[in-house]
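Trainee: First the structure, then my questions, so here it is.
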Amino acid sequence: MSNDQKFPSADAGDVQVASSVTDLQQRVRDGQKLLPVGRQTKAPLAAFAVDYQAISLNTLSGIQEYEPSEYTFTALAGTPLSEIVAALASQRQYLPFDPVLIDQGATLGGTVGSGINGPGRQRYGGLRDFILGAEIVTGDGHLVSTGGKVVKNAAGFDVPKLMVGSCGRLGILTSLTFKVFPAPPFQLSGGVVCQNVQDACQVIAQLAAGRWELDAIDFDPQAMTVYFRLAGPEAACLQLAANLQQHLGREVVMLPELDHWSQIAQLRCFSSSHSLVARLPADLSLIKHLHQFAHQHADEFAYRVSVAGALAWLSFSHGVLAEFQAFLSQHQAAALVIRQEGGDRVTQPLLGARQVSTSQQSVQQAIKLAMDPTQAFPPLLDFVPVAAQ
Amino acid sequence: MSQSRFESLRDLLPADLFQDDDATLAAFESDGLTAFRCRPQGVVLPRTNEEVIRTVQWCHENSVPFVARGSGTSLSGGSMPVSDGIVISLNRLQKILSLDPDNRIAVVQPGVVNLQVSAAAAPHGLYYAPDPSSQKICTIGGNVAFNSGGAHCLKYGMTSNHVVGIQAITATGKLVEFGGQSVESIGPDWTGLFCGSEGLFGIALEITLRLLPKPEQFHTVLVGYHSLRDAGDAVSAVIESGLLPGAMEIMESLAIEAAEAATACGYPKDAEAVLIVELEGPREKLAAEQAQLESVIAGTNAFETVVAENAEQRDKIWAGRKSAFSAAGLLSPDFLVQDGVVPRKRLGEALERIQVISSASGLRVANVFHAGDGNLHPLILFDDSVPGELERAEACAGEILRLCIEMGGSITGEHGVGVEKRDFMPEMYDQPTMDLMHRLRHAFDPQQIANPGKMFPGTEAPALTAHGLHPLEKAGVISRE
Ligand SMILES: Cc1cc2nc3c(=O)[nH]c(=O)nc-3n(C[C@H](O)[C@H](O)[C@H](O)COP(=O)(O)OP(=O)(O)OC[C@H]3O[C@@H](n4cnc5c(N)ncnc54)[C@H](O)[C@@H]3O)c2cc1C
Ligand SMILES: Cc1cc2nc3c(=O)[nH]c(=O)nc-3n(C[C@H](O)[C@H](O)[C@H](O)COP(=O)(O)OP(=O)(O)OC[C@H]3O[C@@H](n4cnc5c(N)ncnc54)[C@H](O)[C@@H]3O)c2cc1C
């Protein structure tokens, strides 16, 4: 949070606070153009919605229902994750996808809006797999209750999932219901030092398909180390780690304190000279190309791999943006800028140029209008090529 | 519509792809909800995506309704045809297009049968987790449309939790690609919205699935109780202990009786209820967890506990459970199955209320359920040859659904709304929410030609005929959970 405060954007002072759900509905009905925001932890996602009034849900905060025996909770969208995580922990439960930016004040609504998962996504799935229900103020000012409050429900369209990653463009989340799991009694992290990126990708694939049921599998190319996390009864974790080492036939270092997990949890730039943090959905073959790109731009670009290769976290300076855009276009990939910590800013958060057909765009636009018939919320994020410097 | 208008569709497609002879039409009249029947104008059996696309575009241009169909095992009338439209049968699109063991992803055509995905993944030590008990026969396209579940939903989620990308042709003839090859994505989760849309948005042509490493071992326990409440309390005790079982199932006496008669599964004698708990994972974890489970069960009012010592004993325990529905045929000529969900802590109360509903209606109800996630499967037994029994059974089913809504649950956990439960949608969702769902449907299908008459109330109800087993259940090919 302190970082964001160092670099307020032009509209930063102009965040209004919603006093209630009815207030939100009334504003929409009055024709106000709004962008819902939480605690500004992923500022670039909300920026660039120039003509829209940022409306904070911080006062719509609090856990409404928490029934540990049901594995579910319902909380208002402005509830800080820290409050939820603490309440769950007191009952030995947790959100297995490792929500990020907890200490920075991220809210439940902003977490769903940005659709960001931490390393724990590997084992049981991400936000999309744990969201059960959502109350939403739609663009016609109505409050809708989508999904359900029980762990299993197949009735009607799955609107709660649609809201994951919607970046405040489809409606204002006011209340959310999630599935939770019992927290593992013990966790154990380790690292496998690899020879090169090919070797690392092979290790990742081996770990992910293996019998050990790893909670998380990440990779730090600077340390050329694949990190993993085991969870469960302590004795079992120790035995599994030993077996894993034997199976791989190479050294496995146990790492009780691993900075990597907390760096991902805080989405910090990996180098002080970088100003941007972005996420890039990927696979192992893209990771190999990314490695080359990072190598070619060593001072300006760094990356980490999470979720067994399905996600790369990027940290880079503004100077490398044009080349990186070209890289993304070449590989038909897209990345989203999540944080900017000073320095030059991107002009919009979606990077790359994945080819989206006009027919696809028209379907997505039709869904947007179904959620937001009066266009009370900003348009869907789109690829706008950032001009080379 | 005059017959000649379908000629232009016939001409559009290679010979024999469009069929409208009586024998073919009769074969497609109903799905797993045999109570409902409707004869379509024709059936298209495409062999390529291109042929599906051409057919859907023709439907769009001519405003002709179409119903996508996989194996027709829907239990809610989801794949039942419409009388003025056609059926697009996707069984011939049954290729696994690619399987990437390193990224644990498979891309499949919609007609691929659920179990075939796991079979193809097995050499790599992987499997496809969602396991509806129709998995030997139901298709991935049907699973996606219904967001199907299985016995292992609590831990691994439903179909949509395992779908990372979908290529589809919408009802307006537009080709869309949602999601991609990675479990992570950017932007609204369009793929998640498409899953569970019950064929109302369009037809899925290529589906990208997430594969998981196969669990190394199972630990399956069968526990007998003298009362249903005790079995329910045991479920709570397991949950409170912090264990996360792969499956937790309960059957009550009437269902046990049927299962015993059908499969001689050897469930504890005189049990009012049995509980099946299954843990799975690497052997080191299981060793610790099975001890924990043992002590939890010891603290309940169990009168008999059987632990499966090997795969054969595990199969026997599951055979009893999986046969429960088809075995109901031994207790009664006809039955209806519901799949409402209630909060887990209210399971006992729900079952008592179902008992009251059952007594009042004079019809027996056998209960089988996914106890871990509160998903009830009450089997309402009746005899269609007795005048009025079908109507009473339907009224009874309706009361059970209302009970689920009243308890804060859902009208369907995994079988979908289809034709059967569409009238209950406005009871579960308020008007603004129903309006939103109508708008979403409109976004994909302004003409309402994709699977009309499903999910939303207000359309003419098709003819009711006798209920009973799915033909494939009668033949012993599949069973239900
Ligand atoms: C002190 C300060 C510093 C700032 N610094 C910057 C800066 O460095 N760069 C910059 O570009 N902007 C900055 N801003 C402006 C800021 O980007 C936005 O105004 C907004 O507050 C950012 O919140 P957030 O989206 O990060 O919150 P988050 O809670 O992290 O939200 C993430 C995403 O989810 C959406 N969302 C949040 N809550 C909901 C909800 N309830 N329903 C639906 N969607 C939701 C948001 O629209 C956003 O797309 C700053 C603002 C302040 C007050
Ligand atoms: C004995 C038995 C046991 C069962 N057990 C379970 C169970 O344990 N769990 C469970 O969840 N269900 C169960 N079912 C219900 C059923 O098997 C599932 O709903 C299954 O997903 C249907 O698949 P299908 O291929 O038969 O689809 P169909 O019945 O042919 O179609 C189902 C729906 O999907 C649509 N559809 C089909 N293909 C596509 C496509 N490519 N694109 C878009 N829409 C499409 C149809 O229009 C229809 O609305 C059971 C059914 C039976 C008969």
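Trainee: Between their Cα atoms, which of A:LYS149/A:LYS368; B:LYS155/B:LYS421; B:LYS214/B:LYS421 are more than 30 Å away from each other? Could the numbers behind the result be given before it?
Mentor: Details: A:LYS149/A:LYS368 25 Å; B:LYS155/B:LYS421 27 Å; B:LYS214/B:LYS421 35 Å.
Where the Cα-Cα span goes over 30 Å, the pairs concerned are B:LYS214/B:LYS421.
Trainee: I'd like to know how the range A:276-389 sits against the 2.2 N^0.38 Å rule of thumb: what's its Cα Rg over that expected value?
Mentor: Working: Rg = 15.4 Å, N = 114, 2.2 N^0.38 = 13.3 Å.
Against the empirical 2.2 N^0.38 Å value, I get 1.16 for the range A:276-389.
Trainee: Count the net charge of all other residues whose Cβ sits under 11 Å from the Cβ of B:PRO268, scoring Lys and Arg as +1 and Asp and Glu as -1.
Mentor: Details: positive: B:LYS269; negative: B:GLU260, B:ASP270, B:GLU272, B:GLU304.
For residues surrounding B:PRO268, the net value is -3.
Trainee: Out of the DSSP beta bridges found with both residues in chain A, what percent are antiparallel (nearest 5)? Provide the component values of the computation, followed by the final result.
Mentor: Working: 58 of 64 bridges.
Approximately 90 percent, going by the DSSP bridge assignments.
Trainee: Express in whole angstrom the spacing between the alpha-carbon centres of the range A:270-314 and the range B:260-311.
Mentor: Cα centroid of the range A:270-314 versus Cα centroid of the range B:260-311: 47 Å apart.
Trainee: Within chain B, which DSSP H helices have Cα atoms that stretch 27 Å or more along the helix axis and a mean Kyte-Doolittle hydropathy of at least -0.5? Don't skip to the answer; put the middle values down first.
Mentor: Details: long enough: B:311-331 (29 Å, -0.32).
What comes out of the filter, once short or polar helices are dropped, is B:311-331.
Trainee: To one decimal place, what orientation-averaged projected area in nm² is obtained for the convex hull of the Cα set of the protein assembly as shown?
Mentor: Numbers: hull surface 136.2 nm².
The number I arrive at for the protein assembly as shown is 34.1 nm².
Trainee: Another question, then. Once you place label points 7 Å from the Cα toward the Cβ at B:ALA264 and B:VAL356, how far apart are they in nm?
Mentor: About 4.2 nm, to one decimal.
Trainee: Could you calculate the contour length gain from B:LEU12 to B:HIS226, that is, 0.36 nm times the residue separation minus the distance between their Cα atoms, to one decimal place in nm?
Mentor: Numbers: separation 214, 0.36 × 214 = 77.04 nm, distance 6.40 nm.
Difference between extended and current length: 70.6 nm.
Trainee: Still on this model: Would you tell me the mean number of C-beta atoms belonging to other protein chains that fall within 10 Å of each C-beta in A:202-208, as a whole number?
Mentor: Working: counts 1, 0, 2, 6, 1, 1, 8.
Mean number of neighbouring Cβ atoms from other chains: 3.
Trainee: Kindly identify the range B:3-89 as rounded, prolate or oblate by the Cα gyration tensor criterion: order the square roots of the eigenvalues as a ≥ b ≥ c, call it rounded if a/c is under 1.5, otherwise compare a/b with b/c, prolate if a/b is larger, else oblate.
Mentor: Prolate, because a/c is 1.5 or more and a/b exceeds b/c.
Trainee: In nm, to one decimal, how far is the B:ASP84 label point from the A:SER90 one, both placed 7 Å along Cα→Cβ?
Mentor: 6.0 nm
Trainee: Right, next: Which net charge results for the neighbourhood of B:ALA26, defined as the other residues with beta-carbon distances under 15 angstrom from its beta-carbon, given Lys and Arg at +1 and Asp and Glu at -1? The partial results should precede the final answer.
Mentor: Values: positive: B:ARG37, B:ARG39, B:ARG69; negative: B:ASP20, B:ASP21, B:ASP22, B:GLU29, B:ASP31.
Around B:ALA26, the charge tally is -2.
Trainee: Please work out whether the range A:143-266 counts as rounded, prolate or oblate from its C-alpha gyration tensor, where a ≥ b ≥ c are the square roots of the eigenvalues and a/c under 1.5 means rounded, while otherwise a/b larger than b/c means prolate and anything else oblate?
Mentor: The shape class here is prolate.
Trainee: While we're on this one: Give the peptides B:267-273, A:314-320 in descending order of average Cβ contacts within 10 Å, highest first.
Mentor: Numbers: B:267-273: 17.7, A:314-320: 21.7.
Going by the mean number of other Cβ atoms within 10 Å, highest first, we get A:314-320, B:267-273.
Trainee: Amide H to amide H under 5 Å from B:SER133: which residues, 5+ apart in sequence or cross-chain, H placed 1.01 Å off N in plane?
Mentor: So B:SER133 has HN proximity to B:GLU481.
Trainee: Can you give the net charge of the other residues whose Cβ lies under 12 Å from the Cβ of B:ASN301, counting K and R as +1 and D and E as -1? Walk me through the numbers on the way to the answer.
Mentor: On the way: positive: B:ARG229; negative: B:ASP230, B:ASP233, B:GLU272, B:GLU304.
Summing Lys/Arg as +1 and Asp/Glu as -1 gives -3.
Trainee: On C-alpha positions alone, give me the angle between the axis of helix A:321-330 and the longest principal axis of chain A, in degrees, nearest 10.
Mentor: Its long axis makes an angle of about 80 degrees.
Trainee: Does chain A come out rounded, prolate or oblate, given a ≥ b ≥ c as the square roots of the eigenvalues of its C-alpha gyration tensor, rounded meaning a/c under 1.5 and, failing that, prolate meaning a/b above b/c? If you can, show how the numbers build up before the last one.
Mentor: Values: a/c = 1.86, a/b = 1.26, b/c = 1.47.
Oblate shape, in that a/c is at least 1.5 and b/c is the bigger or equal ratio.
Trainee: How far apart, in nm, are two points set 7 Å out from the Cα along the Cα-to-Cβ line at A:GLN361 and at B:ALA119?
Mentor: 4.4 nm
Trainee: Stretched out fully, how many nm does the piece from B:LYS345 to B:ARG392 gain, at 0.36 nm a residue minus the Cα gap? Working shown, then result.
Mentor: Values: separation 47, 0.36 × 47 = 16.92 nm, distance 2.88 nm.
Working it through step by step, the gained length comes to 14.0 nm.
Trainee: Taking R0 as 56 Å, what's the FRET efficiency between B:SER385 and A:SER69 from their Cβ-Cβ distance, rounded to 0.05? Intermediate results must be reported in sequence, preceding the final value.
Mentor: On the way: r = 44 Å, r/R0 = 0.79.
Taking R0 as 56 Å, the efficiency between B:SER385 and A:SER69 is 0.80.
Trainee: Sorting check: for B:40-47, A:93-100, which peptide has the highest mean count of neighbouring beta carbons within 10 Å, and how do the rest follow? Please list the in-between numbers first.
Mentor: Values: B:40-47: 21.4, A:93-100: 23.1.
Ranked from most to least packed, the peptides come out as A:93-100, B:40-47.
Trainee: Here's something else I'd like to know. Rounded to the nearest 20 Debye, what is the dipole magnitude of the range A:272-389 about its Cα centre when Lys and Arg each give +1 and Asp and Glu each give -1 at the C-beta? Walk me through the numbers before you get to the answer.
Mentor: Numbers: 7 positive and 8 negative charges, 49 e Å.
Here the size comes out at about 240 debye.
Trainee: Follow-up. Nearest 10 degrees, 0 to 90: what angle lies between the long axis of helix A:284-296 and the longest principal axis of chain A (Cα atoms)?
Mentor: It works out to around 90 degrees.
Trainee: Given +1 on the Cβ of Lys and Arg, -1 on the Cβ of Asp and Glu, and no further charges, what dipole in debye does the range A:132-281 carry about its Cα centre, rounded to the nearest 20?
Mentor: Numbers: 10 positive and 12 negative charges, 81 e Å.
That gives the range A:132-281 a dipole magnitude of about 380 debye.
Values in this text are rule-based calculations from the coordinates and carry no lab data. Since the model is a prediction, treat every value here as computed from it, not as a measurement. Neighbour counts run over all protein chains shown; Cβ positions are idealised from the backbone, glycine included.
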